[in-house]
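Asker: My questions will all concern the structure given below.
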Amino acid sequence: MSDPESAVATFESAFASRAPHLGMAPEVPAHRASLCELFIACSPLVGRLPPSLFNMQFESQDASFRAARPLAMRRVITLAGQPIARIILDWQVPCASHGVDIAVHPDHRGCGAGLALLRAWLAAADGERRTCTLDVIADNPARRIYERLGFVEAQSDPGAPYCVMVRPRTDT
């Protein structure tokens, strides 16, 4: 198995080949406002909560991700130079990769960004012989996409809002 830097390079190359119409850049502080807007746009509570509460939720989620997975790869996806999606992957887990966050702005779903991100992640993980894991809200419609890509529910507690999904490594 290669090191995390190799996995990141493989991921970036796989994404570029799958979505040449989209850009990708490491997340930087200048992306913060766009990422907060993306967080709000993707929330099922949009329109029902005040913006200040969403801002606090975004800050809390971001702090949690950074504390739990400080070395995770963070990438912003752009279309015509404008941020439309983000992905956070943790390649630091031995023999595995964890999908911390994947989000595509609702106005840009269907442009291929989400599927290209997922397929690039899986291609890089397969090349590195890594298992892929992610946590997903139990009733999130994206679960069907994950299942089509080979993820299975690994564990969930009855009544818990999240479940863990795993895609076993493939030996290619």
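Asker: For Glu128, state whether it is acidic (Asp, Glu) and within 20 Å of Glu5 (Cα to Cα).
Answerer: yes
Asker: Which count do you get for residues in region 138-172 that are open to solvent by 80 Å² or more (accessible area, probe 1.4 Å) and in a strand (DSSP E or B)?
Answerer: Total meeting the criteria: 4.
Asker: Just one of Ser17, Ser13, Ser6 is among the hydroxyl-bearing types (Ser, Thr, Tyr), within 30 Å of Gly127 (Cα to Cα), open to solvent by less than 70 Å² (accessible area, probe 1.4 Å) and outside any strand (DSSP E or B); which is it?
Answerer: Ser6
Asker: Regarding Ser34, is this residue modelled with pLDDT of 95 or more and more than 24 Å from Ser97 (Cα to Cα)?
Answerer: For Ser34, the condition - modelled with pLDDT of 95 or more and more than 24 Å from Ser97 (Cα to Cα) - is met.
Asker: From the residues in region 60-81 that are surrounded by fewer than 16 Cβ atoms within 10 Å (Cβ to Cβ) and touching a helix residue (DSSP H, G or I) at 6+ places or on another chain (Cβ under 8 Å), which one is nearest to Pro106 (Cα to Cα)?
Answerer: Here the residue is Gln61.
Asker: Scan region 101-124 and tell me whether some residue there is over 23 Å from Asp3 (Cα atoms), assigned to a loop (DSSP other than H, G, I, E, B), open to solvent by 40 Å² or more (accessible area, probe 1.4 Å) and aliphatic (A, V, I, L, M).
Answerer: Checked against the condition, which is being over 23 Å from Asp3 (Cα atoms), assigned to a loop (DSSP other than H, G, I, E, B), open to solvent by 40 Å² or more (accessible area, probe 1.4 Å) and aliphatic (A, V, I, L, M), region 101-124 yields no hits at all.
Asker: While we're here: Looking at region 75-90, which of the residues that are of a type outside the set (A, V, I, L, M, F, W, C) and assigned to a strand (DSSP E or B) is farthest from Pro29 (Cα to Cα)?
Answerer: Filtering first and then ranking leaves Asp90.
Asker: Still on this structure, I have one more. Going by the conditions given, is Gln57 farther than 25 Å from Gly150 by Cβ, open to solvent by 60 Å² or more (accessible area, probe 1.4 Å), in a helix (DSSP H, G or I) and not hydrophobic (A, V, I, L, M, F, W, C)?
Answerer: yes
Asker: Could you check how many residues of region 20-42 are open to solvent by 70 Å² or more (accessible area, probe 1.4 Å) and either part of a helix (DSSP H, G or I) or among the basic types (Lys, Arg) (or both)?
Answerer: 4
The values are calculated or read from the model by the stated rules, or taken from the named source; none is laboratory data. Since the model is a prediction, treat every value here as computed from it, not as a measurement. Cβ coordinates were reconstructed from backbone atoms using ideal geometry, including for glycine residues, and neighbour counts include every protein chain displayed. Side chains included, ligands, DNA and RNA excluded: accessible areas come from the protein's heavy atoms. Shrake-Rupley method; radii C 1.70, N 1.55, O 1.52, S 1.80 Å.
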